[in-house]
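This report concerns only the one structure given below.
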There are 2 protein chains.
Amino acid sequence: MAGSSPEIVRKPRADAVRNRERVLAAAKAVFSAGGSEASLEAVARHAGVGIGTLYRHFPTREALYEAVYRREVEQLGDLAEQLQNAPEPVAALRRWLRANVQFVATKKGMVAALALVAAGSSELHAYSFDRLTKAIGTLLARAVAAGAIRSDISAEDVLRALIGMCYMHDQPGWQTTALRLLDVFVDGLRVQPPAKAAATAKPAKKVTSKPSRSPS
Amino acid sequence: MAGSSPEIVRKPRADAVRNRERVLAAAKAVFSAGGSEASLEAVARHAGVGIGTLYRHFPTREALYEAVYRREVEQLGDLAEQLQNAPEPVAALRRWLRANVQFVATKKGMVAALALVAAGSSELHAYSFDRLTKAIGTLLARAVAAGAIRSDISAEDVLRALIGMCYMHDQPGWQTTALRLLDVFVDGLRVQPPAKAAATAKPAKKVTSKPSRSPS
DNA sequence: TTGTAAACGGAGGATGCCTCCGTATATGGC
DNA sequence: GCCATATACGGAGGCATCCTCCGTTTACAA
């Protein structure tokens, strides 16, 4: 049978392609809302396909996460390429980092799921880690070459910090916080004194305010 | 809080107390090893009690996580208190942050589980967030008062950054990375130019080296 | 010692994961 | 346009885990 034959690939059936797409879309929607608690049966239902179909396309829960995850990573990688031509290297780096926050914001519930993936499948992790590291690498290299940023911090370091800062987002104001943290971090990266630190983000506003907790 | 009845509390039974303790210990052990995949039945078995007993003490999976989580938080809070009397405020802050990394390191598998808790139960989250925020707050306040650290970053901000940085730990060398990131972050916090940045951590060693990836 | 509230253990219903297989259909050859 | 068949579809059902419920056991107080 098909064992050693060169390739008699019959071209994938149209309905298969359509269904795969549907499941992927449904998964993204359901996971974004329900996090890692969403049942796969719910995804299948939402996609309008049988549970069997879902499992043929994505044999395991992880496989499904992976497919979604991979897309997200691609988009971020592309953004970095665009930013390569920006005039200010440090600003470009900062922009990309901030874009990540925005990015995560729209995915809310999905992050928990993605976290599980990142910890699990090491092959995918390697891929995405590599892709994102390179994305940061190019931005970082330019800034270092311009003498604006210290050279003893690697792209991986920055990636980890970024991911870390985007992780903790359950309170209402988390985005503001994450952005502020990134500024502090970037300031820490600079070679020059971080005098006008906060100014980069919000020139005129006092940032001392806190959400609603009790700082006492 | 208080109900209104005069309370005829009969004093908890000895075996109940003992079993509760056993379950808690078993849970910590099992979760630390197996992460969030460990079944509650496994915990019960490991603790040598029936599944029903486990569920009476901790009605939901979250409740069990909570109990463990709460202890960990307590310990960190206590550490902060001890550090309050340290001579160098910035160093004390840095020490506490670094201690967290160490702390997480020994809990490996449990972090995934704890992450789920943090995202779920808002009551516990509020408590621990508060406890840790205060811990950082005292350390931070001293450093600010000494004029060594900028005053526009709140304790909550620092906590978030810290948690974030400790999160991503699946690669072998994550601890080293986390510690380096914390240094950069603390440098970003400083009022004065971060000239001797890396020096605080490792006076004489060049840190430029990167693990093994391809920075190209 | 004895009565009783409190705690124990595990059977079992409910739900979700994943496999398997009979049915339906898109595709390519005629 | 029609047929043959590889390909894909759907969902029933086996298995594991979650959680509840209730009959039995046990520690405590009188």
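Considering only residues of region B:167-191 that are under 15 Å from the mean Cα position of the chain (by Cα) and within 7 Å of chain A (Cβ to nearest Cβ), which is modelled with the lowest pLDDT?
That would be B:M168.
Six or more apart or on different chains, Cβ under 6 Å: which pairs go from a residue in region A:38-56 that's closer than 12 Å to A:A16 by Cα to one that's more than 7 Å from DNA strand C (Cβ to nearest atom)? Could you list them?
Listed pairs, sorted by first residue: A:V49/A:N19; A:T53/A:N19; A:L54/A:V23; A:L54/A:A44.
For the subset of region B:46-85 comprising residues that are among the polar types (S, T, N, Q) and under 23 Å from B:V101 (Cβ atoms), which member is least open to solvent (accessible area, probe 1.4 Å)?
This residue is B:Q84.
Here's a check for you: in region A:53-64, which residue that is more than 14 Å from chain B (Cβ to nearest Cβ) and part of a helix (DSSP H, G or I) is nearest to DNA strand D (Cβ to nearest atom)?
Filtering first and then ranking leaves A:T53.
What's the number of the condition A:I51 fails, among (1) near DNA strand C (Cβ under 8 Å from one of its atoms); (2) under 23 Å from the mean Cα position of the chain (by Cα)?
A:I51 satisfies every listed condition except (2).
Can you tell me which residue in region B:15-45 is farthest from DNA strand D (Cβ to nearest atom), limited to those that are hydrophobic (A, V, I, L, M, F, W, C) and open to solvent by 40 Å² or more (accessible area, probe 1.4 Å)?
B:A25
The values are calculated or read from the model by the stated rules, or taken from the named source; none is laboratory data. What you see is a predicted model, and the numbers here were worked out from it, not measured in a lab. As a convention, Cβ positions derive from the backbone with ideal geometry for all residues, glycine included, and neighbour counts pool all protein chains shown. Calculation scope for accessible area: heavy atoms of the full protein, side chains included, ligands and nucleic acids excluded. Shrake-Rupley method; radii C 1.70, N 1.55, O 1.52, S 1.80 Å.
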